[in-house]
Amino acid sequence: EYRLALDYLNQARDIAEPRFQTYIGFATRKLGHWDQAMIHYARALATNPDYTIARAYLGEAQLQKGERAKAEEQLGEIAARCGTTCDEYKELAEALAKAAAIKG
């Protein structure tokens, strides 16, 4: 129900808040609009560069667009902010590993 989620998210009082921008980006990406999602992730990170959830989702979007190096860059940024044991690092690292296995 990503369209419904977007309807609710777009009604948020403080829509510029990084959390809302990140989840708007997530729902937008899941609907197949990667470039539009990137705008929302960028807005979230412009407000809070340490928001690792946005970095993880941005990395996943970059990976889906075939931009592996950029996704790996986000993985490094996440590691610098929360280490290699935080959930965001683990999830993006797993997505990168899966993509590498598929590519062979």
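The values are calculated or read from the model by the stated rules, or taken from the named source; none is laboratory data. Small disclaimer: the values here were computed from a predicted structure and weren't measured. Positions of Cβ are backbone-derived with ideal geometry, glycine not excepted, and every protein chain shown enters the neighbour counts. Surface accessibility is based on the protein's heavy atoms, side chains included, excluding ligands, DNA and RNA. Shrake-Rupley method; radii C 1.70, N 1.55, O 1.52, S 1.80 Å.
Output the number of residues of segment 43-62 satisfying the condition of being open to solvent by 60 Å² or more (accessible area, probe 1.4 Å) and in a helix (DSSP H, G or I).
The number of residues fulfilling the criteria is 3.
Please determine, by comparing only the residues of segment 1-34 that are farther than 14 Å from residue 47 by Cβ, aliphatic (A, V, I, L, M) and touching a residue at least 12 places away in the same chain (Cβ under 8 Å), which one is least open to solvent (accessible area, probe 1.4 Å).
Among those residues, the one meeting the criterion is 27.
Could you give me the residue pairs with C-beta distances under 7 Å whose first residue belongs to segment 73-85 and is on the phi > 0 side of the Ramachandran plot, whose second residue is modelled with pLDDT of 95 or more wherever it lies, and which are 6+ apart or on separate chains?
83/89
How many residues are under 14 Å from residue 39 (Cβ atoms) and of a type in the set (Gly, Ala, Ser) when one looks only at segment 1-21?
1
Of the residues that make up segment 81-95, is at least one farther than 22 Å from residue 19 by Cβ and among the basic types (Lys, Arg)?
There is no residue in segment 81-95 that is farther than 22 Å from residue 19 by Cβ and among the basic types (Lys, Arg).
Only one residue in 100, 95, 37 is open to solvent by less than 50 Å² (accessible area, probe 1.4 Å), closer than 25 Å to residue 1 by Cβ, small (Gly, Ala, Ser) and out of contact with any Phe, Trp or Tyr (no Cβ under 9 Å at 6 or more places or on another chain), so which one is that? Don't jump to the end; show me each part of the working.
Numbers: 100 fails: closer than 25 Å to residue 1 by Cβ; 37 fails: out of contact with any Phe, Trp or Tyr (no Cβ under 9 Å at 6 or more places or on another chain).
The match here is 95.
Can residue 77 be described as assigned to a helix (DSSP H, G or I), within 25 Å of residue 103 (Cα to Cα) and open to solvent by 50 Å² or more (accessible area, probe 1.4 Å)? Walk me through how you get there before you give the answer.
Values: assigned to a helix (DSSP H, G or I): yes; within 25 Å of residue 103 (Cα to Cα): yes; open to solvent by 50 Å² or more (accessible area, probe 1.4 Å): yes.
So residue 77 fits the description; yes.
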